[in-house]
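J.: My structure is below; once you've seen it, I'll send some questions.
The values are calculated or read from the model by the stated rules, or taken from the named source; none is laboratory data. All values derive from a computational prediction rather than experimental measurement. Counting neighbours? That spans all protein chains shown, and the Cβs are built from the backbone with ideal geometry, glycine included. These accessible areas exclude ligands, DNA and RNA; they are computed on the full protein's heavy atoms, side chains included. Shrake-Rupley method; radii C 1.70, N 1.55, O 1.52, S 1.80 Å.
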Amino acid sequence: MLKMTHLSKVYRTEVVETYALRDFNIDVKEGEFVAVTGPSGSGKTTFLTIAGLLETFTGGEYHLDGVEVSHLNDNARSKIRNEKIGFIFQAFNLIPDLNVFDNVEVPLRYRGMKSAERKKRIMESLERVGLASRAKHYPAELSGGQQQRVAIARALAGSPRLLLADEPTGNLDTQMARSVLELLEEIHREGATIVMVTHDPELAARAQRNVHVIDGQVVDLAEDPRFHAHVAQVAEATHGR
Amino acid sequence: MMQIKPILAALKRHKAGTILIALQIALTLAIVCNALFIIQQRVDRLSRPTGMIETDLMAIQNRWVGIDDEATAPLVKADIQILRSLPGVEDAVSTNSFPLRGGGWSMGVRLNPTAKKPITQTTLYFVDDHALPTMGAKLIAGRNFRADEVVTIDPKVFESSPVVIITKALADKVFPDGSALGKQIYITEGAPSSTVIGIVERLQVPWNGNFANKFEGNSTLLPIQLSGNFSAYLIRSKPGQLASVLKAAPAALFKANRMRVIPSERGVRTYADVREQAYKSDRGMAILMGIICVVLLAITAAGIVGLTSFWVGQRRKQIGVRRALGATKHDILSYFLTENLLIGIGGVVVGAMLAVGMNLWLMQQFEMARLSPVYVIAGVIVLLLLGQGAVLAPAMRAARVSPVEATRSV
Ligand SMILES: Nc1ncnc2c1ncn2[C@@H]1O[C@H](COP(=O)(O)OP(=O)(O)O)[C@@H](O)[C@H]1O
Ligand SMILES: [Mg+2]
């Protein structure tokens, strides 16, 4: 489904070159639920934006659903984002000017779907996240957990095969985080491939597979000294509280 | 176009900016329509022909000083002889007034000498048989005056002339069937009739204000030299010799007789100057209106650019989100163009009504003509295009917002 080999991403500013990803290798199979963990600044978001075709990369190869994406033009990338990928962001990213119904409709309109079909899908996915009764509400009138569920409904409405989530529970309290995760697990059981970035080990543990990223590279947890250093750090921080 | 409903929904959440721009568009449309209409009217007016050949033509205005009104006739005759014999002069005529001079005689024209109301108004040009060649007016029927028909009359006792030459506009008004030549008309209530012996194609009246609009082409030429303190001379130079005649003519007149004043202003003018000065306020008005239009359109365009730029800046995140959710660059561009078009349509609908309302008010206050719908339609198109043009740059900036903007936290 999602395969990156020797992929690199360099951010250039006038003074420095930052390798956000270097020799990054990952292979996510169709139907997998993968959690990506790693310290802050390690390149998790960068990986996800490249995986979601929000950004281009500097070197290496990326095959999405069997297609090498680096030669696709902007319109083709937009079309793939629209049809194959669902995004869930840490900051929810609902459009504040639109009510819940219109928010969920956004990707469906860009797909050029007929009104009746759109309506059916919107109501289905809102029911799915338990917010059908809030269709006319504006994002500002909803709690964080509700907003994230609307965002999930928006990601689901287009029936994407790949769901990318960047710290989807990062802005939520534990209970809401758990319900959002349950929703993701349910979606996964129905066949979607999910890649979720998180730094919550408890959430990560519930995924089928964990991928750890340090300094822009996927590391083998058992062998890499950097991982043990990181775990020690986290443990210390937790103790300290 | 498929985005109209959500765009309207989003605009509802930005009422203040939306209404402000729509109102600005409406006001601009109303003012620009009326201003363009006024400009067109003024331009129409100042491009009317006088009926004379205006090149190689000049005018002198002369006032006698220290001479009885009754004694001026021979002096005028002498002046005219001097002018006609100047080298470089083709012909010259003495007249009470001439087209665009600004002042002159006006009388009512009747077919029945005792009718209470005249059929129409006419100006009277008191001239001689040299008027038509000097003016370059075109005789289209009948004949010119003969020298022996010309008489001198005291304006205080003037009633009518046995023969007159009238313009086609006047002839058609009084004799709609086209039979004016040889007919009798009355130019003074209860006075003897005048026979129409000639018809000229066109000769404008001395006035160019609104009040003369209805009879601006109704002129009557009479073979009469009025005695009096004032006389105007029209002089046609030989081709290309106007500049030298302009100097030589007044010099020759002063040399013959110093008992006169030729005002330094408007005393000696080429006819081009006469026209220029007559239409000065019309041209000024047209230019002023043009400036107002340009300024208003520029302000409105700037307002649209400003508001859209602000909105684009404010919505970077949601543009990124839309891109992440599958919007193409073109979708984003068309979002902002459509949004502007919707605001623009709201503005021009209100503006068209305002334009008509403003015109009705101007009609009441300043005798304006009724605004032609063409101006409203043209104004609507101009403003909608202006809006789309103004929104283009910010919209293109919006289309360049990267989808990665969606992932940047806050
Ligand atoms: N637009 C950017 N310009 C420059 N450097 C960036 C940019 N985005 C991310 N980086 C850098 O790339 C590295 C990885 O960042 P990121 O992928 O956001 O990490 P994570 O999500 O794991 O916290 C960091 O060093 C970050 O400073
Ligand atoms: Mg991150």
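J.: For helix B:73-85, what angle does its Cα long axis make with the longest principal axis of chain B, in degrees from 0 to 90 and rounded to 10?
T.: Roughly 70 degrees between the two axes.
J.: For the range B:336-410 and the range B:218-270, what is the centre-to-centre distance using only Cα atoms, to the nearest Å?
T.: Centre-to-centre (Cα) distance: 55 Å.
J.: Let me ask another. Can you give me the angle between helix B:242-256 and the longest principal axis of chain B, using Cα atoms only, in degrees from 0 to 90, rounded to the nearest 10?
T.: Its long axis makes an angle of about 40 degrees.
J.: Binned at 5 Å from 0, what are the whole-percent values of the Cα-Cα distance distribution for the range B:257-389, short to long?
T.: Spelled out bin by bin, the range B:257-389 gives 2, 8, 11, 14, 12, 10, 9, 8, 7, 5, 4, 3, 2, 2, 1, 1, 1, 0, 0, 0 percent.
J.: In straight Cα distance, which aspartates and glutamates are under 19 Å from B:Lys329, not counting same-chain residues fewer than 8 positions off?
T.: A:Glu55, A:Asp74, A:Glu83, A:Glu105, B:Glu339, B:Glu405
J.: In addition: Report Rg (one decimal) and Dmax (nearest whole number) for the range B:46-108, counting Cα atoms only, units Å.
T.: 14.3, 41
J.: A further question follows. Restricting to DSSP loop positions (anything but H, G, I, E, B) with no more than 11 other Cβ atoms inside 10 Å of their own Cβ, which GluC sites (Glu not before Pro) remain in the range A:1-85?
T.: A:Glu14
J.: Could you give the size of the charge dipole of the range B:139-290 about its Cα centre, using +1 on the Cβ of each K and R and -1 on the Cβ of each D and E, expressed in debye and rounded to the nearest 20?
T.: Here the range B:139-290 has a charge dipole of around 660 debye.
J.: Average projected area of the Cα convex hull of the range B:90-239, in nm²?
T.: Averaging across all directions leaves 8.8 nm² for the Cα convex hull.
J.: Here's something else I'd like to know. Report, in whole Å, the centroid distance computed from the Cα atoms of the range A:22-66 and the range B:11-73.
T.: 71 Å
J.: Hey, another quick one. Round to a whole number: what % of the accessible area of chain B belongs to carbon and sulfur, probe 1.4 Å?
T.: Here it works out to 64 percent.
J.: What is the dipole size for the range A:8-56, taken about its Cα centre, with +1 at each Lys and Arg Cβ and -1 at each Asp and Glu Cβ, in debye to the nearest 20?
T.: With Lys and Arg at +1 and Asp and Glu at -1, about 100 debye.
J.: Around B:Ala59, what is the net charge, scoring Lys/Arg as +1 and Asp/Glu as -1 over all other residues with Cβ under 12 Å from its Cβ?
T.: That sum, taken over residues with Cβ under 12 Å, equals +3.
J.: Could you work out the mean projected area of the convex hull around the alpha carbons of the range A:1-118, in square nanometres to one decimal?
T.: 9.6 nm²
J.: A follow-up question, please. Between beta-carbons, use under 11 Å as the cut-off and find the net charge around B:Ser402, counting Lys and Arg +1, Asp and Glu -1.
T.: Cβ neighbours under 11 Å give a net charge of +2.
J.: For chain B, the longest stretch holding no GluC sites (Glu not before Pro) located in a DSSP loop with at most 15 other Cβ atoms within 10 Å is which?
T.: By the stated rule (loop sites, at most 15 other Cβ atoms within 10 Å), B:1-158.
J.: Oh, and also: Rounding to the nearest 10 and keeping the result within 0 to 90°, find how far the Cα-based axis of helix A:115-128 lies from the longest principal axis of chain A.
T.: Approximately 60 degrees, to the nearest 10.
J.: At 37 °C and 0.692 mPa s, grab the translational diffusion coefficient of the range B:3-161 from Stokes-Einstein with a Kirkwood Rh over Cα pairs, rounded to a whole number in µm² per second.
T.: 152 µm²/s
J.: Send over the Kirkwood Rh of chain A, from the inverse of the averaged 1/r over different Cα pairs, rounded to one decimal Å.
T.: Computed over chain A, the radius equals 18.8 Å.
J.: Oh, and also: Between B:Ala59, B:Ser231, B:Phe366, whose Cα lies farthest towards the positive end of the dipole of the protein assembly as shown when Lys and Arg beta carbons carry +1 and Asp and Glu beta carbons carry -1, centred on the Cα centre?
T.: Result: B:Ser231, furthest along the dipole toward the positive end.
J.: Please compute the alpha carbon radius of gyration of the range B:114-173, then divide it by the globular-protein estimate 2.2 N^0.38 Å. Two decimals is fine.
T.: Normalised Cα radius of gyration, the range B:114-173: 1.26.
J.: A further question on this structure: Compare the Cα positions of A:Pro168, A:Thr193, A:Gln217 along the charge dipole of the range A:166-223 (+1 at Cβ of Lys, Arg; -1 at Cβ of Asp, Glu; about the Cα centre) and return the one farthest towards the positive end.
T.: It is A:Thr193, whose Cα lies furthest towards the positive end.
J.: Can you tell me what the convex hull of the Cα atoms of the protein assembly as shown projects to on average, as an area in nm²?
T.: Mean orientational projected area (the protein assembly as shown, Cα hull): 46.1 nm².
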